[in-house]
Amino acid sequence: MREHAPRRSEKTQKSYASYLKNLKSFFGNKTLSEITSSEISAYKVSRYDTGRKPATINRELAMLSKAFNLAVKEWEWVRENPVSKIPKEREENGRERWLTFGEEKKLLGQCPPWLHDIVVLDLHTGLRQDELLSLTWDKVNLPGKRITIEKTQNTKKSKTRTIPLSNAALEVLIKQNGKKMPGNDLVFFSIAGKKVSADSLRRVFGKSLEKAQIENFTFHDLRHTFATRLAQKGVDIYKISKLLGHASLRMTLRYSHHCPKSLRDAVEVLDVDYNMTTVEEKWKVSIA
């Protein structure tokens, strides 16, 4: 935490601090040589017993593995990394939750004005939370109706991408442009003129969901809503992937079953009338 964590992003440092509490409570009284593969397996069982999900356990063990790699390669405290012998847990990546238009109306009705505009922009751009909160005016082109998201530490697997703006998204940004503060290039900012913290956003968003009586929904699901609605409207997976900034199409394929019209359009290009009669006429003859 003193030597490695400070070189990572602020988000990663916060994650490390959270994971460390659980790791220390289990392994804190052991020497490195006592942390064996069997002990790590026992840790996994203990975490499942407290209701933790596979993804959480994998991330905690990834931190422990990184610590052991440093202990082996840089500090020469131990000879091997026992975490490397433990298979990762299979994660449940099939979570699909998006807002219906009715839920969207109820949620927006309970959001304070500053959050209302953030939610609307996310529903129309699919930005990651930090991309949204870190958005600056030099990345916004109002006349060109587009924004540019550049590769950062927190989006290191993504490439720089340009996102066209819908009318609703453009309206939000025009409104925010009228609130610009001298010397502050942030599109969204707190009362103190600082970047809106993830904790504040999560807290107020949670209260708004509660008031709107919407369950099993997170801020990240706004991004899922953006992608799902595009798929349902027949936008092809390649375009959705580019808009989301996914590193590979495999990450976007979760939305493919929402694209029946797009898939039908794809095969209809193969229809050729070899006998100079329409497919529709052939169908009528076949059922006559």
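The values are calculated or read from the model by the stated rules, or taken from the named source; none is laboratory data. Source: prediction; values computed, not measured. Ideal geometry is used to build each Cβ from the backbone, glycine not excepted, and the neighbour counts take in all protein chains shown. All accessible areas refer to the heavy atoms of the entire protein, side chains included, with ligands and DNA or RNA removed. Shrake-Rupley method; radii C 1.70, N 1.55, O 1.52, S 1.80 Å.
The residue of region 248-270 that is modelled with the highest pLDDT, among those that are part of a loop (DSSP other than H, G, I, E, B) and open to solvent by 100 Å² or more (accessible area, probe 1.4 Å), is Leu270. The single condition among (1) β-branched (Val, Ile, Thr); (2) open to solvent by less than 80 Å² (accessible area, probe 1.4 Å); (3) assigned to a helix (DSSP H, G or I) that Ile174 does not meet is (2). Just to be sure, is Ala71 part of a helix (DSSP H, G or I), touching a Phe, Trp or Tyr at 6+ places or on another chain (Cβ under 9 Å) and not β-branched (Val, Ile, Thr)? In short, yes.
Does Lys179 meet the test of being more than 20 Å from the chain's Cα centre (by Cα), among the basic types (Lys, Arg) and over 22 Å from Thr136 (Cα atoms)?
Spelling it out, it is not the case that Lys179 is more than 20 Å from the chain's Cα centre (by Cα), among the basic types (Lys, Arg) and over 22 Å from Thr136 (Cα atoms).
The single condition among (1) in a loop (DSSP other than H, G, I, E, B); (2) within 18 Å of Gly245 (Cα to Cα) that Thr162 does not meet is (1). Within region 106-119, the set of residues being touching a residue at least 12 places away in the same chain (Cβ under 8 Å) and either surrounded by fewer than 20 Cβ atoms within 10 Å (Cβ to Cβ) or not in a helix (DSSP H, G or I) (or both) comprises Lys106, Leu108, Gly109, Gln110, Cys111, Pro112, Trp114. When each of Ser65, Ser41 is tested for being more than 30 Å from Arg229 (Cβ to Cβ), in contact with a helix residue (DSSP H, G or I) (Cβ under 6 Å, 6 or more places away or on another chain) and either surrounded by 14 or more Cβ atoms within 10 Å (Cβ to Cβ) or modelled with pLDDT under 95 (or both), the lone residue that passes is Ser65. Return only the number of the condition from (1) over 23 Å from Val78 (Cα atoms); (2) assigned to a helix (DSSP H, G or I); (3) open to solvent by 50 Å² or more (accessible area, probe 1.4 Å); (4) not small (Gly, Ala, Ser) that Arg59 does not satisfy. Failing condition for Arg59: (1). Considering region 228-247, the residues that are at pLDDT below 90 and farther than 16 Å from Arg128 by Cα include one that is most open to solvent (accessible area, probe 1.4 Å), namely Lys233.
Is it true that Arg47 is open to solvent by 40 Å² or more (accessible area, probe 1.4 Å) and of a type in the set (Lys, Arg)? Judged against the criteria, Arg47 is not a match. Has region 56-79 got any residue that is in contact (Cβ under 8 Å) with a residue 60 or more places away in the chain, within 30 Å of Gln213 (Cα to Cα) and hydrophobic (A, V, I, L, M, F, W, C)? Checking region 56-79: not a single residue is in contact (Cβ under 8 Å) with a residue 60 or more places away in the chain, within 30 Å of Gln213 (Cα to Cα) and hydrophobic (A, V, I, L, M, F, W, C).
So in region 241-255, with the set limited to residues that are within 17 Å of Arg97 (Cβ to Cβ) and of a type in the set (A, V, I, L, M), which one is farthest from the chain's Cα centre (by Cα)?
Across region 241-255, the extreme among qualifying residues is Met251.
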